[in-house]
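> Below: one structure in structure tokens.
The values are calculated or read from the model by the stated rules, or taken from the named source; none is laboratory data. No experiment lies behind these values; they were computed from the predicted model shown. Neighbour counts are summed over all protein chains in view; Cβ atoms, including those assigned to glycine, are modelled from backbone coordinates with ideal geometry. What goes into the accessible areas is simple: the full protein's heavy atoms, side chains included, and nothing from ligands, DNA or RNA. Shrake-Rupley method; radii C 1.70, N 1.55, O 1.52, S 1.80 Å.
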Amino acid sequence: MSGKIIAVGNLKGGTGKSTVAINLACALRNGGKATVAVVDADGQGTASDWGAKGQLGLTVHALPFEETQGTGHGASHANGVESGGTANWGAEVDRLKADHDFVVIDLPPQLSDAILNALVAANLFVVPVTASGADLKATTKAIELLQRARALRDDGRPACLLVPSRVDRRTAAGKEIEAVLHDFGEPVAPAIGQRTAHVDAFTAGEWVGSYAPRSAAHGEIEVLAAIVKRVK
Ligand SMILES: Nc1ncnc2c1ncn2[C@@H]1O[C@H](COP(=O)(O)OP(=O)(O)O)[C@@H](O)[C@H]1O
Ligand SMILES: [Mg+2]
């Protein structure tokens, strides 16, 4: 088996990267029909904390860039989270890719060679963007990084999907976010709304599909997962 690598990132915190990464990963499992691993590359450890409650049905591998690029240290297991450094981040992701259908990487909000390397390895770069002007600036830089990654390959990959995130349609910016994102020239996914079910699911250590299966929040994540599955 050789799975697809889905890298979730943007160069700003709070855009919904970890929320999209965890919920997308859980939706891609398709009730256990597919195997999915999450890699938490962000030293903040949001995805790892989420997985630590053991409620996600998948393993979150804590492989923060800062710690994993130097010397390795031993691995440990704790309730849904596998942590431990490795001298070679890429080799660890390759290993996960070899025995999962999808590897979803929650990237840290930083401009680094480590991110560039992750994008070069990825099939798809998922970029959550909120309607704030600061996000749009960060997204411009994220797209530049994407273009650098594509220049290092000869197949036009990775694909990219801009995801309007935490969208509140009552605000002017929330009403026009799709139009603004289309100007980046990359595909734009249907929006993920600002919904309390996402906050409450995180608090419970669950994803929205188990915490609130009939919610709009879950419906939007399933739509996103269906689009991601179609990417080659
Ligand atoms: N669609 C959403 N609806 C409501 N709250 C959200 C949504 N997405 C993220 N949040 C909340 O916003 C905060 C930041 O989200 P997070 O996914 O951790 O962002 P990032 O990983 O980009 O820093 C968290 O408190 C999270 O629960
Ligand atoms: Mg995060």
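> Looking for whichever is more than 12 Å from ligand 2 (Cβ to nearest atom), open to solvent by 10 Å² or more (accessible area, probe 1.4 Å), of a type in the set (S, T, N, Q) and out of contact with any Leu (no Cβ under 7 Å at 6 or more places or on another chain) here; the options are 2, 18. Which one fits? Break it down into steps so the answer makes sense when it comes.
On the way: 18 fails: more than 12 Å from ligand 2 (Cβ to nearest atom).
So the residue among 2, 18 that is more than 12 Å from ligand 2 (Cβ to nearest atom), open to solvent by 10 Å² or more (accessible area, probe 1.4 Å), of a type in the set (S, T, N, Q) and out of contact with any Leu (no Cβ under 7 Å at 6 or more places or on another chain) is 2.
> Assuming residue 100 fulfils every condition listed in (1) in a loop (DSSP other than H, G, I, E, B); (2) modelled with pLDDT of 95 or more; (3) within 16 Å of ligand 1 (Cβ to nearest atom) apart from one, which condition is it?
Single failed check for residue 100: (3).
> What are the residues in the range 69-93 that are at pLDDT below 70, open to solvent by 50 Å² or more (accessible area, probe 1.4 Å) and part of a loop (DSSP other than H, G, I, E, B), if any? Spell out how you get there, then give the answer.
From the range 69-93, those at pLDDT below 70 are 69-87; that's our starting set.
Cutting the leftovers down to open to solvent by 50 Å² or more (accessible area, probe 1.4 Å) gives us 69, 71, 73-79, 87.
69, 71, 73, 74, 75, 79, 87, listed by residue number.
> Also, quick follow-up: Determine the pairs where a residue that is under 17 Å from residue 11 (Cα atoms), located within the range 153-166, has a partner that is of a type in the set (Ser, Thr, Tyr) with Cβ atoms under 6 Å apart, the partner being 6 or more residues away or on another chain.
165/15; 165/130; 166/130
> Answer yes if at least one residue in the range 42-50 is within 15 Å of ligand 2 (Cβ to nearest atom), surrounded by fewer than 24 Cβ atoms within 10 Å (Cβ to Cβ) and over 24 Å from residue 90 (Cβ atoms), and no otherwise. Working first, answer last.
Keep residues of the range 42-50 that are within 15 Å of ligand 2 (Cβ to nearest atom), which gives 42-50.
Keeping just the survivors that are surrounded by fewer than 24 Cβ atoms within 10 Å (Cβ to Cβ) gives 43-46, 49.
Right, trim to over 24 Å from residue 90 (Cβ atoms) and you get 49.
Yes, because at least one residue in the range 42-50 is within 15 Å of ligand 2 (Cβ to nearest atom), surrounded by fewer than 24 Cβ atoms within 10 Å (Cβ to Cβ) and over 24 Å from residue 90 (Cβ atoms).
> Right, something else. Return the residues of the range 185-230 that are open to solvent by 40 Å² or more (accessible area, probe 1.4 Å), closer than 16 Å to residue 18 by Cα and of a type in the set (Val, Ile, Thr); say none if nothing qualifies.
Listed by number, the residues that qualify are 196, 199, 203.
> Quick one: which residue in 188, 208, 167 is modelled with pLDDT of 95 or more and touching a Leu at 6+ places or on another chain (Cβ under 8 Å)?
On the way: 208 fails: touching a Leu at 6+ places or on another chain (Cβ under 8 Å); 167 fails: touching a Leu at 6+ places or on another chain (Cβ under 8 Å).
The match here is 188.
> Just for the range 107-119: of the residues that are within 14 Å of ligand 2 (Cβ to nearest atom) and at pLDDT 95 or above, which one is surrounded by the fewest Cβ atoms within 10 Å (Cβ to Cβ)? Before you say what the answer is, go through the steps one by one.
Going through the range 107-119, the residues within 14 Å of ligand 2 (Cβ to nearest atom) turn out to be 107-110, 115.
Filter once more, keeping what is at pLDDT 95 or above: 107-109.
Details: 107: 28, 108: 19, 109: 17.
Top of the filtered list is 109.
Table: residues versus (1) open to solvent by 10 Å² or more (accessible area, probe 1.4 Å); (2) more than 20 Å from residue 5 (Cβ to Cβ); (3) without any contact (Cβ under 8 Å) to a residue 12 or more places away in the chain.
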{"position": "95", "(1), (2), (3)": "yes, no, yes"}
{"position": "105", "(1), (2), (3)": "no, no, no"}
{"position": "121", "(1), (2), (3)": "yes, no, no"}
{"position": "148", "(1), (2), (3)": "yes, no, no"}
{"position": "178", "(1), (2), (3)": "yes, yes, no"}
{"position": "181", "(1), (2), (3)": "no, yes, no"}
